[in-house]
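Notes to accompany the following structure.
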């Protein structure tokens with residue numbers, strides 16, 4: 001051991017052999033960022049995902065080269081260490097930029113998915129205050145509209161044709177409802193349902209939807225029928241633990257659906273409650289009495 005020690009230079013005795021210096025440089029400086037980044041990434045996404053990311057290898061190789069370059073020298077200029085650190089940071093910045101771009105794409109996609117079921121304004125409010133999505137009791141004007149004889153019409157049609165027709169109907173309904181002050185509509189089969197805070201806006205939207213839906217469906221030898229009703233509902237986020245949707249429930253919704261079933265092709269029926277609230281009975285067609293399924297008392301409705 002004494003003979004081996006006598007062959008070592010004074011610098012090696014003070015600062016260690018090149019191998020020791022390379023290891024010390026990697027552990028104390030050059031490899032710090034790659035090591036901490038590896039720990040963070042693996043803890044978040046796992047070892048397999050880490051090994052599949054080529055930039056991680058580049059950062060590690062850069063740190064190893066810097067450690068080898070600086071560790072082999074007993075003395076070096078400050079700019080040599082700075083250049084090595086800058087190379088590692090440059091690669092790290094590239095990785096950060098790539099991850100940031102990915103996260104931005106994810107945020108845009110999640111926003112799009114959320115807006116498919118939530119009003120944009122409601123979505124923005126919920127980001128600041130989740131309580132806006134809580135269930136609450138409110139008075140709403142409810143709109144239903146469906147396609148008449150849809151089941152018979154679609155029986156001998158290709159599914160692609162049926163979907164294309166339905167999507168056109170959905171797009172039309174959403175455009176009119178949303179621009180008319182309604183909430184994001186719900187689509188179930190050939191049926192559209194939405195609701196309005198302002199009953200007068202609901203009437204105007206239903207009037208426009210009836211006209212434009214009639215023109216659209218005429219191309220397929222079809223027609224629509226709809227109804228409006230006013231009353232109390234529970235509005236908010238509802239559903240199971242894993243599947244939820246913002247919507248409304250209550251007898252008002254059920255009654256509107258029954259009035260819609262009874263509406264004639266090309267007609268939108270308005271309930272007596274809504275017609276009297278807006279003092280528009282004299283402006284509507286003759287009253288009809290409807291014995292709706294599940295209702296103890298007959299319903300009175302007027303054609304819009």
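What's the ranking of 186-195, 274-283 by average number of surrounding C-beta atoms within 10 Å, highest first?
Top to bottom by mean Cβ count within 10 Å: 186-195, 274-283.
Work out how much length residue 249 to residue 214 would gain on full extension: take 0.36 nm times their residue separation and subtract the Cα-Cα distance, in nm to one decimal.
Here the segment from residue 249 to residue 214 would lengthen by 9.8 nm.
Relative to 2.2 N^0.38 Å, what does the C-alpha radius of gyration of segment 191-255 come to as a ratio? Two decimals please.
Working: Rg = 14.7 Å, N = 65, 2.2 N^0.38 = 10.7 Å.
In units of the globular-protein estimate, segment 191-255 measures up at 1.37.
As a test of understanding, state the convex hull volume per residue of segment 151-198 from its alpha carbons, in Å³. Don't skip to the end; give the middle numbers.
Working: hull volume 3.2 nm³, N = 48.
It comes to 66 Å³ per residue, whole-number rounded.
Each value in this text was obtained by applying a stated rule to the coordinates, not by laboratory testing. Since the model is a prediction, treat every value here as computed from it, not as a measurement. Methodologically, a virtual Cβ is constructed for each residue, glycine included, from the backbone with ideal geometry; neighbour enumeration extends over all protein chains shown.
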